[in-house]
Amino acid sequence: MSEGFTLWFTGLSGAGKSTLANLVAEELRGRGHRVEILDGDEVRTNLSKGLGFSKEDRDTNIRRIGWVCRLLARNGVIAISAAISPYREIRDEVRGIHDRFFEAFVHCPIPTLAERDVKGLYKKALAGEIKNFTGVSDPYEEPLNPEIILNSETETKEQSLARLLAALEAQKFIFPSGGAR
């Protein structure tokens, strides 16, 4: 059995966290790893139903995701979280409960996110029509020392995936494709 760990994607809404989580999960499963994804939207629907978007509720949601990731990781699963997780203190708290934790910051500036946003949420938030929107009317605290920064404005998803896999290999979270386990 492979050694589990938590791969924690953080970044603003629409930056590409879920896309990259799904791509890396597919690659890791193809290499024989057991992988589970905890997507922020799905967790809110199932594990954190009833929580709002106050700071306290957001913190509770991230703590729950972190706790489930820890359980999975200690049982040999690669647990992937793809949630905005806007507050640095709670991300650091979650990191502290894990033996093996890899933070991937998916960076993309708000003007680019607003251009990509098919639902128009950023435009509404920037116009003041949506309150407590992370990165606009509610804070997003970028990580200070993530293991990797992926820039979805300037990199293709394939380039980001390749850099992520190389970083996971270099830091001994996974073996190179075809390498010994």
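The set of residues in region 1-37 that are of a type in the set (S, T, Y) and surrounded by fewer than 24 Cβ atoms within 10 Å (Cβ to Cβ) comprises S2, S13, S18, T19. In region 128-135 there is no residue matching the filter, namely being of a type outside the set (D, E), assigned to a helix (DSSP H, G or I), more than 15 Å from the chain's Cα centre (by Cα) and loosely packed, with under 13 Cβ neighbours inside 10 Å. May I ask you to verify whether A114 is outside any strand (DSSP E or B), at pLDDT below 95, among the aliphatic types (A, V, I, L, M) and surrounded by 13 or more Cβ atoms within 10 Å (Cβ to Cβ)? Judged against the criteria, A114 is a match.
Conditions (1) touching a residue at least 60 places away in the same chain (Cβ under 8 Å); (2) under 14 Å from the mean Cα position of the chain (by Cα), marked per residue:
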| site | (1), (2) |
| --- | --- |
| E3 | yes, no |
| W8 | yes, yes |
| S13 | yes, yes |
| T19 | yes, yes |
| R34 | no, no |
| K55 | no, no |
| I62 | no, yes |
| I65 | no, yes |
| R70 | yes, no |
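I'd like to check something: does region 82-97 contain any residue that is crowded, with 17+ Cβ neighbours inside 10 Å, under 21 Å from R29 (Cβ atoms) and within 16 Å of the chain's Cα centre (by Cα)? Yes, region 82-97 contains a residue that is crowded, with 17+ Cβ neighbours inside 10 Å, under 21 Å from R29 (Cβ atoms) and within 16 Å of the chain's Cα centre (by Cα). Is it the case that I174 is assigned to a strand (DSSP E or B), of a type in the set (V, I, T) and under 27 Å from G96 (Cα atoms)? Against the criterion (assigned to a strand (DSSP E or B), of a type in the set (V, I, T) and under 27 Å from G96 (Cα atoms)), I174 does not qualify. Being polar (S, T, N, Q) and farther than 17 Å from A15 by Cα holds for only one residue in N145, N151, and it is N145.
The values are calculated or read from the model by the stated rules, or taken from the named source; none is laboratory data. Just so it is clear, the model here is predicted, and its values are computed rather than measured. Positions of Cβ are backbone-derived with ideal geometry, glycine not excepted, and every protein chain shown enters the neighbour counts.
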